[in-house]
1. At 1.4 Å probe size, with no ligands or nucleic acids counted, give the accessible surface of Asp78 in Å², nearest ten.
2. Given a 1.4 Å probe and the protein chains all in place, what does the accessible area of His33 round to, in Å² to the nearest 10?
3. To the nearest Å, what is the center-to-center distance of segment 103-179 and segment 53-75, using C-alpha atoms only?
4. On a 0 to 90 degree scale, rounded to 10, what angle separates helix 3-178 from the longest Cα axis of the chain?
5. By accessible area of protein heavy atoms, probe 1.4 Å, what ranking do Leu27, Leu19 get, highest first?
6. Could you sort Leu16, Leu122 by their accessible area in this structure, using a 1.4 Å probe and putting the largest first?
7. Which percent of the accessible heavy-atom area of the chain goes to carbon and sulfur, probe 1.4 angstrom?
8. Provide the per residue accessible area, probe 1.4 Å, for the chain, rounded to a whole number of square angstrom.
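The values are calculated or read from the model by the stated rules, or taken from the named source; none is laboratory data. Because the structure is a prediction, the values reported are computed rather than measured. The protein model used for the area step is the full one, side chains on, heavy atoms only, and it has no ligands, DNA or RNA in it. Shrake-Rupley method; radii C 1.70, N 1.55, O 1.52, S 1.80 Å.
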Amino acid sequence: MKCWQLEYRPRYQSMLVQLNKMKEQILIKEKEHTTELENNKERHEMEIGEMQKQISDFQTQLSVKDAVIAQLQMELADCEARTDALIDKLGLVERNAEEKYQHDIQDLRDKLQLELEAKNKLQDAVKNAQHESMVNKMKYEEQLRDSSTTRHIDMFKQKLMKLRKENEDLKRQLLPTRQ
């Protein structure tokens, strides 16, 4: 062996030991790395599986929500159609009611007019009856006066006749005495 070999041999061996240690460390690191990669891969696969499940769940929920939205839109359209129909029907009912009320009001006005005319006729008849009654009363009072006057005249005539008779009787009685 050569001298320089002796000198480098411990160094070489030391380096060889270091190299072996490093190889072992590299192997350990590679194993750890591989294990970690596998763990990461498994973890990522699990996460991917969970995320795919979540995506599937979300897609299902989205489909359900889309179906609900479509159903609600159909119901809304149906409600709007029914509301429009009810509004149209309400408008028709209001128009019919308005026409009926206008017709009823006109009927009442016509009846009121007829009643007013009847009232005026009755008032005229009452006035005529009152006037006639007044005329009849005046005639009756005049007849009463006439009747009363006639009675008085008849009484005066009777008294006058009685007095004439008495006067004649007295004249007859006086005549024999004068003669």
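1. 80
2. His33 exposes around 110 Å² with every protein chain in place.
3. Answer, in whole Å: 108.
4. Between the helix axis and the principal axis of the chain, the angle is about 0 degrees.
5. My answer, sorted largest first, is Leu27, Leu19.
6. Values: Leu16 65, Leu122 115 Å².
The ranking, largest first, comes out as Leu122, Leu16.
7. Answer for the chain is 58 percent, counting heavy atoms of protein chains only.
8. Accessible surface, normalised per residue, equals 97 Å².
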